[in-house]
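Read the structure below first, then the notes.
The values are calculated or read from the model by the stated rules, or taken from the named source; none is laboratory data. Keep in mind that what you see is a predicted model, and the values were worked out from it rather than measured. A quick note on method: Cβ atoms are made from the backbone with ideal geometry, for glycine too, and the neighbour counts reach across all protein chains shown.
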Amino acid sequence: MALPYAHSNDLPRRRRILLVEDEPFVREATSLMLERAGFEVLPAEDARDAMKVYERSKNGIDVVMTDMILPGRSGEELGEDVRRRSPEVPVLVTSGYSDAESEVEAPAQRTYFLAKPYSRVALLDKLEKILAAAPLARAASQAG
C-alpha cells in the first residue's frame, strides 16, 4: 500500500511543545494529553532543565508551556529567557492562581495564560489559538 505522501518531506510536521512542569503527575498527564492530540512534547521539570532542552532543540520549539511557579526560577522568567533567544516563540503560562492572568497575559508579547486546573478541551483550544497567531514561528526560527 502506497503512502499518501510522495516524499518524507511532504509529511505534515508535528508541532513541538516544550512542557515545563515541576509536578511529575501533572507533567505526565499533560504530556499524554498533548501527545494524544498529535503534538510532540519535550518535557522539563524546571526552568534550568527547560533551557537545556530548548538549547538542544536548536530553536525548534513551537510553544513553551510552563507552570508559573517553578523551583529556582519562575515560568515568567523562563519565558523572558526564551524570548531573548527567540522572540517569535509563544509562551503559555499556567497557574492555579486566578489573579495571575492579568499579570501574565500579553498577546502582543506572545505571552498567554491558562488557569489550572484546565481541561483537555480548554488546553487544546488555547494552543490552537496561540498557534493560529504564530503558524510559522518554528520555521522562521530555524531559517538562519
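Note on the range 42-89: residues that are among the β-branched types (Val, Ile, Thr), more than 15 Å from Ala106 (Cβ to Cβ), within 14 Å of the chain's Cα centre (by Cα) and assigned to a loop (DSSP other than H, G, I, E, B) total 1. Could you check, for the range 2-13, whether at least one of its residues is surrounded by 19 or more Cβ atoms within 10 Å (Cβ to Cβ) and either assigned to a helix (DSSP H, G or I) or modelled with pLDDT of 95 or more (or both)? For the range 2-13, residues surrounded by 19 or more Cβ atoms within 10 Å (Cβ to Cβ) and either assigned to a helix (DSSP H, G or I) or modelled with pLDDT of 95 or more (or both): absent.
Within the range 23-41, the set of residues being in contact with a helix residue (DSSP H, G or I) (Cβ under 9 Å, 6 or more places away or on another chain), in a helix (DSSP H, G or I) and surrounded by 18 or more Cβ atoms within 10 Å (Cβ to Cβ) comprises Thr30, Leu34. Annotation note: of Pro43, Pro71, Pro87, the sole residue that is more than 13 Å from Arg16 (Cα to Cα) and free of Cβ contacts under 8 Å to residues at least 40 places away in the same chain is Pro87.
Yes/no per residue for (1) surrounded by fewer than 12 Cβ atoms within 10 Å (Cβ to Cβ); (2) modelled with pLDDT under 70; (3) small (Gly, Ala, Ser):
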| residue | (1), (2), (3) |
| --- | --- |
| Val91 | no, no, no |
| Ala100 | no, yes, yes |
| Glu105 | no, yes, no |
| Ala108 | yes, no, yes |
| Phe113 | no, no, no |
| Pro117 | yes, no, no |
| Leu127 | no, no, no |
| Leu136 | yes, yes, no |
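Within the range 22-64, the set of residues being aromatic (Phe, Trp, Tyr) and more than 24 Å from Ser119 (Cα to Cα) comprises Tyr54 only. With respect to being surrounded by 20 or more Cβ atoms within 10 Å (Cβ to Cβ) and modelled with pLDDT under 90, Arg83 falls outside the description.
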